[in-house]
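As structure tokens, the structure follows; a few thoughts come after it.
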Amino acid sequence: IRKAVKRRKYNDPEKLDRFRYNSYNKAVIDVPRTDSIQAELDSTNFANAHFMMMESATTVTFEQPNKLKEEVVGNQITGFSNPLFALQSNSFQPFSSYSPYLTFIDFDFLNPISPGSDGRYVFQLEDSVETAEGKSYIISFQPSKNANGNLLEGLLTLDADEWAIVLIQAKNTGKHNLARFEIRQQYGKTFGNWFPEQSSSIYEIEDPEVPLLIISNTYIDSVEFDFDPGKFNIANIEVPEEANQKTDEDWKSL
């Protein structure tokens with residue numbers, strides 16, 4: 001863990017000079033299907049359907065220092081012929097898992113690979129595994145006894161050579177009034193750099209009137225590091241009119 005903390009600045013994709021990638025993002029909003037809720041929904045149009053589904057395809061461009069733009073290529077939301085907003089690639093979890101604190105549902109959670117984390121988390125080596133990049137270690141983590149603050153629990157898979165994140169799975173601990181969540185983020189090596197490949201999130205909003213379930217997935221491909229980033233506008237997301245008018249054939253390709 002200390003080696004992973006020490007090498008964060010070399011493995012963090014947000015420390016690169018620039019990058020560009022395509023993302024495909026999908027999220028569904030529903031209610032937890034308990035027996036009582038399902039019985040109430042059986043006589044409605046939502047008996048076997050989600051309440052809402054959002055889908056987008058975007059191109060994300062980043063350049064130091066902190067210049068970011070996301071161009072929406074395709075966008076659709078059930079029930080809206082011309083939606084006013086678009087699902088972004090980082091709507092439900094941070095783009096990468098290297099900052100000292102990871103923000104979920106407006107709370108900052110201490111990253112298990114951040115300076116001082118070994119004093120507030122208990123780590124356990126669970127296993128080793130061979131991946132496409134070589135040997136990795138699977139390490140579980142949970143809050144130390146009497147540790148305070150917003151903390152996570154889950155599993156880390158770390159590359160045994162460069163101590164980069166290969167996979168992180170985490171959920172919140174303790175009582176949070178807004179939601180329970182579980183996140184997963186997977187990395188691969190692209191042109192010599194560790195870079196996110198896919199992420200998924202599950203949020204359960206604990207509202208006594210209308211509990212909600214949000215499930216999202218993001219897939220990243222076509223990563224570039226050597227290109228002309230062009231101009232950056234004031235707004236960091238662009239949704240052209242044609243993005244909301246994609247056909248079924250367009251979506252198959254996206």
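The values are calculated or read from the model by the stated rules, or taken from the named source; none is laboratory data. Source: prediction; values computed, not measured. For neighbour counting, all protein chains shown are included, and Cβ atoms are generated from backbone atoms with ideal geometry for every residue, glycine included. Keep in mind that these areas ignore ligands, DNA and RNA; they rest on the heavy atoms of the full protein, side chains included. Shrake-Rupley method; radii C 1.70, N 1.55, O 1.52, S 1.80 Å.
Annotations
- Taking 18 Å as the straight-line reach from the Cα of Lys189, the aspartates and glutamates in range (excluding those fewer than 8 positions away in the same chain) are Asp12, Glu14, Asp17, Glu130, Glu133, Asp159, Asp161, Glu162, Glu197, Asp221, Glu224, Asp226.
- What the Cα convex hull of the stretch 113-180 gives, in volume per residue, is 97 Å³.
- Estimated translational diffusion coefficient (Stokes-Einstein, Kirkwood radius over Cα pairs, 10 °C, 1.306 mPa s) of the stretch 174-239: 103 µm² per second.
- Considering all C-alpha pairs of the stretch 35-186, those separated by over 27 Å amount to 44%.
- Rolling a 1.4 Å probe over the protein heavy atoms gives the chain an accessible area of 56 Å² per residue.
- For the set Glu241, Glu55, the ranking by accessible area, highest first and with no ligand, DNA or RNA atoms included, is Glu241, Glu55 under a 1.4 Å probe.
- The stretch 1-109, Rg to Rh (Cα coordinates; Rh as Kirkwood inverse mean 1/r): 1.10
- Within-11-Å neighbourhood charge of Phe104 [Cβ basis; K, R +1; D, E -1]: -1
- For Asp127, the solvent-accessible surface with a 1.4 Å probe is about 90 Å², rounded to the nearest 10.
- Distance histogram for the stretch 122-254 (every C-alpha pair counted, 5 angstrom bins, percent rounded to whole numbers): 2, 8, 12, 13, 15, 15, 14, 11, 7, 3, 1
- Using a cut-off of 24 Å between Cα atoms, the listed pairs Lys67/Lys171; Lys15/Lys252; Lys26/Lys69 include Lys67/Lys171; Lys15/Lys252 as exceeding that distance.
- If you run the Gaussian network model on the chain, springs between alpha carbon atoms under 10 Å, then out of Ser200, Ser91, Ser216 the most flexible one is Ser91.
- In this structure the amide hydrogen of Val122, modeled in the peptide plane, comes within under 5 Å of the amide hydrogens of Gln142, Ser144, none closer than 5 places in sequence on its chain.
- Computed on the stretch 105-243, with alpha-carbon pairs under 8 angstrom and 6+ residues apart, the relative contact order is 13 percent.
- Cα gyration tensor category, rounded, prolate or oblate, for the stretch 1-53 with a/c compared to 1.5: oblate
- Spread over its residues, the convex hull of the C-alpha atoms of the chain is 165 Å³ per residue.
- Helical contribution to [θ] at 222 nm, DSSP H n ≥ 4, -39,500 (n - 2.57), averaged over the chain, rounded to 500: -2000 deg cm²/dmol
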